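Bear in mind these aren't lab numbers, they're just calculated from the coordinates by the rules spelled out. Quick caveat: nothing in here was measured; it's all calculated off a predicted structure. Cβ placement follows ideal geometry from the backbone for every residue including glycine, while neighbour counts extend to all protein chains displayed.
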Amino acid sequence: MNFQFFKKAFEIKKWPARHQWGQFFKILSKKEKVYFFLLFVVFISSFIYLLRNFYLENTTITPAQGGIHIEGVIGQPRFINPIYANSDTDRDLVQLIFSGLMKYDDNMNIVPDMVQNYEIEEEGKTYKFYLKENLLWQDKTPITSDDIIFTIKTIQNPDYKSTLRANWVGVEVEKISELGVKFKLKKPYGAFLENCTLKIIPKHILESIPPENFPFESYNLKPIGSGPYKIKEIIQEKPERLKSLTLSVNSLYYDKRPYIPEIKFLFFDNKEELIEAAKNGKVKGLGIDYNNEINQKWQTYDILMPRYFAVFFNPDKSPALKDKNVRIALNLATDKKKIIKNVLKIDEDSPEFEKVIVDSPILPQVYGYEAPLEIYQYDTEKAKEILEKAGFKDENGDGLREKILEKKAAFQFKSDLRLGSRGTEVEELQKCLAKFSDVYPEGEITSYFGKKTEEAVIKFQEKYASEILAPSGLTKGTGEVSKNTRAKLNEVCFEKPDESIPLKISLVTVNQAQLVEVAEELKNQWKSIGVELEIEKINVSSLEQDFIKPREYQSLLFGEVLGAILDLLPFWHSSQKIDPGLNLAVYQNKEADKLLEEIRVSSDSRLKAEKLNQFQNILIKEAPAVFLYCPDYIYLASKEIKGIETKKITDPSKRFSCIENWYIKTKRVWK
């Protein structure tokens, strides 16, 4: 290599001219040119590498605006209106389009939403809320306290038939100022803040609509709200059926603007259609029980939800279930682990397995309270023993237990009767004798013991001579009703057929695959102790209207959803046995009622926990239900959707509680 060139080059005091650089490659040999280019490539690569590292070390990835999310749901929207939204589809859309005074964060804590601040006074009987300034509806109309008052009074008015009415009965609402509102309660209620997560509706749009037209108003499908999203486009497939509904970001939203500018909802008739769409990549998110075929392609979020499934017993409709021993035996004969393994498909070695099992409605895995110390461990032999002692036996060997009850006759002869006697016993005597045409053909009922009655008694005595006369050494009737005659009359006159109570119970549940599987599993398990279970599968609308509201069931396999703040009074207090109460087991216990009332008004967390523990112990001992499991809510999202950090929700729609943190696109910014 010609190193002399480089030596001379560095001895030059003047920097080479442009035309001189052009001669550079001419003086290099072929080998020197190769080395030069290799060194040049290494230099450039090193420079780019160092520059890239410098950029990566001094910048961070952050969410960026952009992309579209496609959510798949089962069912059609009907009421995108907070006071009527009952279906999951309606609630999903209400969650995104509307706002409330309060809201849930991603850990199910209740935090301010539209309010700047709030005050609790009079030991929890008065709540004052003050709205943030410059809040606007999506049509640019200012939001004021009048909208809050209008929403509450609409719900409270029975003419509007809102399902939320029970939450607001007895609550007085007053205007403090244009941005201030006050609620007055008759009694302190620790969970009232949760009521205030209610979404608010606009007074200026809806106040002129009469109650009878309210459910049919076009607003219910094209609402104006104040939430992070607004309706952009609705595509109708056929009359009264929507194919899709697209939401876009509400530019007037007062809080953090969502990163995802559009959310498109696709509507499906059933689970199978939705899963097929998910497999084909037509949706990017779905909240549903899923199968392994699509599991690998999705990010799975197991979200805690305060709900539990149980079999609720209605002793008013079943003689067998009136007996506490039967209810206890059914608890002992229920293998919850087998149900979770076979139906919920959760592996027994999974850390989630034990957490799913529930033994009371306290749900320690959700609320952190103590689990009950005494629970019903699976034990069929003990269950059989309890049933035997309670008189439920399988006498005929058909595998079904029944209890024989000896009925007492409504009337019994107790007095000696003879010629000249009068009164009720004589009347009953004549009625009895009249049943035998060969004994008392006249059949006269006079309440007087005359000659005809005497003759009838003689014939009766001689008819049953071996039992009436022979024991006294007589061969002819006396015509007087004494001990032996009285005994036979009591036997033949007043039949006492034994009553049989079979251990045959009907169970009503939703005609939904998972619950039907659970019902079938229970049927097999309870059969092992001599109980026959008849399963009735009912569609959701009929179940609520025809069975739950009138409490027309012997047992009910169903789920109950609790709130962020645990309040069991609506579910277990005796005052809630009839609709609209949610006491599905028609349970009543004075001590339990008192505890529930004290828990509801208590602000002392330690005392509340203590009373909850006392309540659950009472409940478990009386066995008004078989508590089964508390499953997580499973949400599947495409791996391109990021920022989903939700840990707990109160219902499926609350998966969107922190939608403003979801994102698809990213960008780098300097630290």
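Entry note, the chain: relative contact order of 21 percent, from Cα contacts under 8 Å with a spacing of 6+ residues. Report the Cα centroid-to-centroid distance between segment 351-388 and segment 451-493 in angstrom, as an integer. Segment 351-388 and segment 451-493 have Cα centres separated by 62 Å. Give me the one-decimal Kirkwood hydrodynamic radius in Å for segment 424-493, with the sum taken over alpha-carbon pairs. Evaluated over segment 424-493, this radius sits at 11.8 Å. Computed over segment 424-493, relative contact order equals 25 percent, with contacts defined as Cα pairs under 8 Å that lie 6+ residues apart. Along segment 226-240 the Karplus relation, 6.51 cos²θ - 1.76 cosθ + 1.60 evaluated at θ = phi - 60°, assigns HN-Hα couplings of 9, x, x, 10, 9, 6, 9, 8, 10, 10, 9, 7, 7, x, 6 Hz to successive residues, with x for each Gly and Pro. Against the chain, whose longest principal axis is taken from its Cα atoms, helix 590-601 shows a tilt of about 20°.
To the nearest µm²/s, what D does Stokes-Einstein give for segment 505-607 at 20 °C and 1.002 mPa s, using the Kirkwood radius over alpha carbon pairs as Rh? The estimated diffusion coefficient comes to 139 µm²/s.
Out of the GluC sites (Glu not before Pro) in segment 349-392, which ones are loop residues according to DSSP with at most 10 other C-beta atoms within 10 Å? Walk me through the intermediate numbers first.
On the way: sites: E352, E354, E370, E374, E381, E385, E388; in loops: E352, E370, E374.
For GluC sites (Glu not before Pro) across segment 349-392 that sit outside H, G, I, E and B with at most 10 neighbouring Cβ atoms in 10 Å, the list reads E374.
Centre-to-centre, using Cα atoms only, segment 326-347 and segment 69-125 are separated by 34 Å. Shown in residue order for segment 300-310 are the 3J(HN,Hα) couplings computed by the Karplus curve 6.51 cos²θ - 1.76 cosθ + 1.60 at θ = phi - 60°: 9, 10, 8, 10, 5, 9, x, 9, 8, 10, 8 Hz (x for Gly and Pro).
Grab the DSSP H runs of the chain that are 4 residues or longer, score each as -39,500 (n - 2.57), total them, divide by all residues and round the 222 nm result to the nearest 500 deg cm²/dmol.
Details: 23 runs with 209 residues, N = 671.
Calculated mean residue ellipticity at 222 nm is -9000 deg cm²/dmol.
A straight Cα-to-Cα reach below 14 Å connects K483 with the aspartates and glutamates D416, E467, E491, residues fewer than 8 places away in its own chain not being considered.
Among 233-240, 323-330, the peptide with the highest mean count of other Cβ atoms within 10 Å heads the list, and the full ranking is 323-330, 233-240.
Within segment 144-182, the trypsin sites (Lys or Arg not before Pro) that combine a DSSP coil assignment with at most 16 other C-beta atoms in a 10 angstrom radius are K161.
Anything over 26 Å Cα to Cα? Flag those among K238/K284; K322/K431; K590/K611; K322/K594; K103/K297; K336/K621, in the order listed. Could you put the intermediate results ahead of the total?
Details: K238/K284 24 Å; K322/K431 36 Å; K590/K611 14 Å; K322/K594 23 Å; K103/K297 32 Å; K336/K621 18 Å.
Cα-Cα > 26 Å for K322/K431; K103/K297; rest within.
With a ≥ b ≥ c the root eigenvalues of the C-alpha gyration tensor of segment 491-556, is it rounded (a/c under 1.5), prolate (a/b larger than b/c) or oblate?
Values: a/c = 5.31, a/b = 1.73, b/c = 3.07.
Oblate, since a/c reaches 1.5 and b/c is not below a/b.
Taken along its three principal axes, the alpha carbon spread of segment 210-252 comes to 33, 28, 8 Å, from the longest extent down to the shortest. Both radii come from the Cα set of the chain: Rg as radius of gyration, Rh as Kirkwood radius; their ratio Rg/Rh reads 1.24. Arranged from fewest to most other beta-carbon atoms within 10 Å of their beta carbon, C658, C196 become C658, C196.
Once you list every other residue whose beta carbon is under 14 Å from the beta carbon of I234, what net charge do they have if Lys and Arg are +1 and Asp and Glu are -1?
On the way: positive: R78, K222, K230, K232, K238, R241, K243, K264; negative: E233, E237, E240, E262.
For residues surrounding I234, the net value is +4.
Can you give the Rg to Rh ratio for segment 480-526, taking only C-alpha atoms and Rh from Kirkwood? Walk me through the numbers on the way to the answer.
Numbers: Rg = 24.0 Å, Rh = 15.3 Å.
Over the Cα atoms of segment 480-526, Rg/Rh equals 1.57.
Seen against the Cα atoms of the chain and their longest principal axis, helix 424-433 is set at about 90 degrees. Relative contact order for segment 101-220: 29 percent, from Cα pairs under 8 Å spaced at least 6 residues apart, divided by residue count. Remark on R307: its backbone amide H falls under 5 Å from those of L562, a criterion applied only to residues 5 or more positions apart or on other chains, H modelled at 1.01 Å from N.
Packing, as the average of other Cβ atoms within 10 Å across residues, places the peptides 469-475, 260-266, 638-644 in the order 260-266, 638-644, 469-475, highest first. Rounded to two decimals, the Cα-based Rg/Rh of segment 554-671, with Kirkwood Rh, is 1.14.
The string of couplings for segment 259-271 from the Karplus curve (6.51, -1.76, 1.60, θ = phi - 60°) is 6, 8, x, 9, 10, 10, 9, 10, 10, 10, 7, 8, 4 Hz, one whole number per residue in order, with x for Gly and Pro.
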